[in-house]
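A short write-up of the structure that comes next.
The values are calculated or read from the model by the stated rules, or taken from the named source; none is laboratory data. Bear in mind that the values here come from a model prediction, so they are computed numbers and not experimental data. So basically every Cβ, Gly included, is an ideal-geometry build from the backbone, and we count neighbours across all protein chains shown. When the accessible area is computed, the model is the full protein with side chains, heavy atoms only, and any ligands, DNA or RNA have been set aside. Shrake-Rupley method; radii C 1.70, N 1.55, O 1.52, S 1.80 Å.
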Amino acid sequence: MFRYIVLLGFILLGVSACSSQQSQDFKETRFMLGTIVEFTVYDANETLALKAIQQAAAAMQAVEDEFTTYGQVFNTVKAFNQAQPTEVIQLAPDVEALLLQAINIHEQTLGAFDPTLGELNQLWGFSGGQPPTTPPSKQKISHGLHYSGVENIRHLNKGWTKKIAGLQLDFGAIAKGLAIDKGIEVFKQYGLEHAIINAGGDIRVLGNHGLQPWRIGIRHPRQATALGWIEVGQDLSVVTSGDYERFYMYRGQRYHHILDPKTGEPATQNMSVTVIAETATVADALSTGLFVLGQKQGMDLVEKMAGVEALWVGKDQKIRMSSGMKTIFHISDVAHKK
Ligand code: ADP
Ligand code: MG
């Protein structure tokens, strides 16, 4: 995920309001994590706001460096991916913690979210280098499937090992969320109360926008317009996974970057899934997992999870929402007419 400029899945709509005369928006934009990251701090203290943004960006860059499987930088994910089954690799603390969380979400989503799809992701080629134009052969896909599977990694006392050489970890569907959470953590350390980090449509909000909530537009998966919007006036994360972010068309069929671990091919149930959760890490991983999972199973899971809501746009372009989402999502006129 780190090498692509993805289409922004969300449109962040600024709502102009001032809770006090001094407070205003301080904004900065960076290119990192393979996307455009926009920082907005609503505060009265410009020096503090800008310093916090620098530090938040540095914390997010550190996450990218720890998890990326591209470029020259060394990290423990690369060490694990290159290791032989006889080796035990000690993962960096953040990497180990995120892997454990990823395995947990793998179980909750009945295997739909899978952090071991590195070989398959490379095969499909959406994550780096030249974008592909044709799908890989069935033979190559079954080869890629063989080199995946959470059951093929093991946690030992001294670190992590794999059962088969060639298995590769890939945190592309969750590390951006962790980076956003780390950025927001920095804002909190600086005592800031109103801020938003938007990493290519993956968003976490802190507080509100003065007297008004932050307004987050959710992109229509097939039109260059908003499907609707959510108003958020508390600490929350909103993340969307969609088949429109990285894809190509081949013989009338859409091939995109979110794979079904059961088939090794792009998941076919949905056009997009938006998740609201407390942290961006959970929202990021769940939006990918729910994108793959069937809508009924996904709905059952979301309704069970405290503080999690979701919105699905199915292959038929029909919108489905969890009970809590229905109370906060405002559908746009364009989407209504569909
Ligand atoms: P984006 O990176 O565009 O925001 P996602 O968060 O949905 O989108 O992550 C997609 C990335 O996650 C893919 O590019 C790939 O690296 C990885 N991935 C693909 N399918 C899965 C899956 N089923 N489970 C976990 N990671 C996946
Ligand atoms: Mg994700």
- request: Considering only the range 309-334, state which residues are among the hydrophobic types (A, V, I, L, M, F, W, C) and open to solvent by less than 10 Å² (accessible area, probe 1.4 Å).
  value: 310, 311, 312, 313, 325
field: In the range 107-141, the residues that are within 30 Å of residue 299 (Cα to Cα) and of a type in the set (Gly, Ala, Ser)
entry: 111, 112, 118, 127
task: With respect to residue 144, determine if the residue is more than 16 Å from ligand 2 (Cβ to nearest atom) and on the phi > 0 side of the Ramachandran plot.
output: no
Candidate set from the range 260-270 (those that are open to solvent by less than 10 Å² (accessible area, probe 1.4 Å) and within 16 Å of ligand 2 (Cβ to nearest atom)); member that is nearest to residue 219 (Cα to Cα): 270
message: Please verify whether residue 77 is at pLDDT 95 or above, open to solvent by less than 30 Å² (accessible area, probe 1.4 Å) and in contact with a Phe, Trp or Tyr (Cβ under 6 Å, 6 or more places away or on another chain), treating the condition exactly as stated.
response: yes
message: Taking the condition of being aliphatic (A, V, I, L, M), more than 16 Å from ligand 1 (Cβ to nearest atom) and either at pLDDT 95 or above or surrounded by 21 or more Cβ atoms within 10 Å (Cβ to Cβ) (or both), how many residues in the range 177-225 meet it?
response: 7
Selection count where residues are part of a helix (DSSP H, G or I) and among the small types (Gly, Ala, Ser), scope the range 181-196: 1
query: So how many residues does the range 251-286 have that are more than 9 Å from ligand 1 (Cβ to nearest atom), hydrophobic (A, V, I, L, M, F, W, C) and part of a loop (DSSP other than H, G, I, E, B)?
result: 0
query: Does residue 244 count as part of a strand (DSSP E or B), in contact (Cβ under 8 Å) with a residue 60 or more places away in the chain and either on the phi < 0 side of the Ramachandran plot or out of contact with any helix residue (DSSP H, G or I) (no Cβ under 6 Å at 6 or more places or on another chain) (or both)?
result: no
- prompt: residue 116 is checked against (1) open to solvent by 50 Å² or more (accessible area, probe 1.4 Å); (2) touching a Phe, Trp or Tyr at 6+ places or on another chain (Cβ under 9 Å); (3) touching a residue at least 12 places away in the same chain (Cβ under 8 Å) and fails just one. What number does that condition carry?
  reply: (1)
- request: Run residue 217 past the list (1) assigned to a strand (DSSP E or B); (2) within 16 Å of ligand 2 (Cβ to nearest atom); (3) small (Gly, Ala, Ser) and report the number of the one that doesn't hold.
  value: (2)
- request: May I ask you to say which residue of 180, 153 is farther than 21 Å from residue 260 by Cβ and among the β-branched types (Val, Ile, Thr)?
  value: 180
message: It is to be established whether one or more residues within the range 156-176 are within 16 Å of ligand 2 (Cβ to nearest atom), open to solvent by less than 10 Å² (accessible area, probe 1.4 Å), under 27 Å from residue 31 (Cβ atoms) and not in a loop (DSSP other than H, G, I, E, B).
response: yes
- line: Filtering the range 177-192 for residues that are touching a Lys or Arg at 6+ places or on another chain (Cβ under 9 Å) and within 16 Å of ligand 2 (Cβ to nearest atom) leaves a count of 3
Close pairs (6 angstrom Cβ cut-off, 6 or more residues apart or separate chains): under 19 Å from residue 217 (Cα atoms) and open to solvent by 10 Å² or more (accessible area, probe 1.4 Å) in the range 273-300, away from ligand 1 (no atom under 11 Å from the Cβ) and of a type in the set (Gly, Ala, Ser) anywhere: 278/307; 279/237
Leading residue by the ranking (surrounded by the most Cβ atoms within 10 Å (Cβ to Cβ)) among those in the range 121-142 that are assigned to a helix (DSSP H, G or I) and out of contact with any Leu (no Cβ under 8 Å at 6 or more places or on another chain): 123
